[in-house]
Amino acid sequence: MCGRYALSLPAPDGTEWPPGWIDRVRNPLSAVHRYNIAPSQQVPVIRLEKGELIVRDARWGLIPPWAKDNRIGYSTINARVEGLAGKPAFRHAWKHEQRCLIPALGWYEWRAEPSGKQPYFLRPQGGGSLAMFAGLWDRWSNPQGAAIETATILTCAAQPELQQIHDRQPRLLGPVDWEAWLEVSAADAERWLKPEAFDIEAYPVSKVVNLPRNDGEQLIQPI
């Protein structure tokens, strides 16, 4: 699973958005530095609305329209790509093509070691540049009638070299696929439900990240 991730804009290498995107994304994020994003928090997602790329805030943990309360959101922070279209929690979002991109610097996983669970930070090789997780979003109305938008990160089997840390990873999308993931039909989008290899680096980080209230760039520094 992916239960914690980081997002920093501008990224450490100075990247804010890929070339050309800054002029095309409405309401783009100009500056954000969050190194310990946790479930149920508000996170930025990129959606396609009426042919226009736009950034929206969504609660991390998808809540389908039929849910009676928000508790399901704690178990839907991730959506496994295997059999995704048939899963009740995600069926509505998939059928209605409510796909999104979730920008990130990288994500955390924990590996069982003799000294206890050791956190690792994983990111595109070389670090710094933005990654994009494939995601789904949906809209839920709470008992008071307020509309709440929520999102989930799609996960797939981890690449062989990452299996020693965790057997799952976010479904990453390369820049060439970003817009296509948002634009194509649900049937055509199924091609992105298959794992794809990326150059990923992984290294141990401080256990300070274990507490969601801790934040700061030091959390992603290797130890």
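The values are calculated or read from the model by the stated rules, or taken from the named source; none is laboratory data. The structure presented is a predicted model; accordingly, all values stated were derived computationally and were not measured. When we count neighbours, we look across all protein chains shown, and the Cβ atoms used for this are built from the backbone with ideal geometry, even at glycine.
The figures follow:
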item: Sole exception among (1) at pLDDT below 95; (2) in a strand (DSSP E or B); (3) of a type outside the set (Asp, Glu); (4) buried (at least 19 other Cβ atoms within 10 Å of the Cβ) for residue 35, by number; result: (1)
item: Selection from segment 142-162 of residues that are surrounded by 13 or more Cβ atoms within 10 Å (Cβ to Cβ) and part of a loop (DSSP other than H, G, I, E, B); result: 158, 159
item: Candidate set from segment 163-181 (those that are under 18 Å from the mean Cα position of the chain (by Cα) and at pLDDT 95 or above); member that is surrounded by the fewest Cβ atoms within 10 Å (Cβ to Cβ); result: 167
item: Which listed residue, of 199, 215, is touching a residue at least 12 places away in the same chain (Cβ under 8 Å), touching a strand residue (DSSP E or B) at 6+ places or on another chain (Cβ under 7 Å) and exposed (fewer than 12 other Cβ atoms within 10 Å of the Cβ); result: 199
item: Options 61, 14: the member that is at positive phi and at pLDDT below 95; result: 14
item: Given (1) in contact with a Ser or Thr (Cβ under 9 Å, 6 or more places away or on another chain); (2) among the aliphatic types (A, V, I, L, M); (3) in a loop (DSSP other than H, G, I, E, B), index of the condition residue 197 fails; result: (1)
item: Pairs where the first residue, in segment 150-175, is free of Cβ contacts under 8 Å to residues at least 24 places away in the same chain and the second is aromatic (Phe, Trp, Tyr) and crowded, with 17+ Cβ neighbours inside 10 Å, C-beta under 8 Å, 6+ apart; result: none
item: Selection from segment 103-136 of residues that are buried (at least 21 other Cβ atoms within 10 Å of the Cβ), modelled with pLDDT of 95 or more and among the hydrophobic types (A, V, I, L, M, F, W, C); result: 107, 121, 122, 133, 134, 136
item: Subset tally (residues that are more than 13 Å from the chain's Cα centre (by Cα) and assigned to a loop (DSSP other than H, G, I, E, B)) for segment 41-62; result: 2
item: Considering residues of segment 66-91 that are touching a residue at least 24 places away in the same chain (Cβ under 8 Å) and β-branched (Val, Ile, Thr) only, the residue surrounded by the fewest Cβ atoms within 10 Å (Cβ to Cβ); result: 81
item: Residue list for segment 92-138, filter: in a helix (DSSP H, G or I) and either at positive phi or free of Cβ contacts under 8 Å to residues at least 12 places away in the same chain (or both); result: none
item: Selected residue (only one of 118, 164, 169 is touching a strand residue (DSSP E or B) at 6+ places or on another chain (Cβ under 6 Å) and among the polar types (S, T, N, Q)); result: 118
item: Segment 182-192: number of residues that are of a type in the set (Ser, Thr, Tyr) and surrounded by 13 or more Cβ atoms within 10 Å (Cβ to Cβ); result: 0
item: Members of segment 65-102 found to be out of contact with any helix residue (DSSP H, G or I) (no Cβ under 7 Å at 6 or more places or on another chain), modelled with pLDDT of 95 or more and of a type in the set (Asp, Glu), listed by number; result: 82
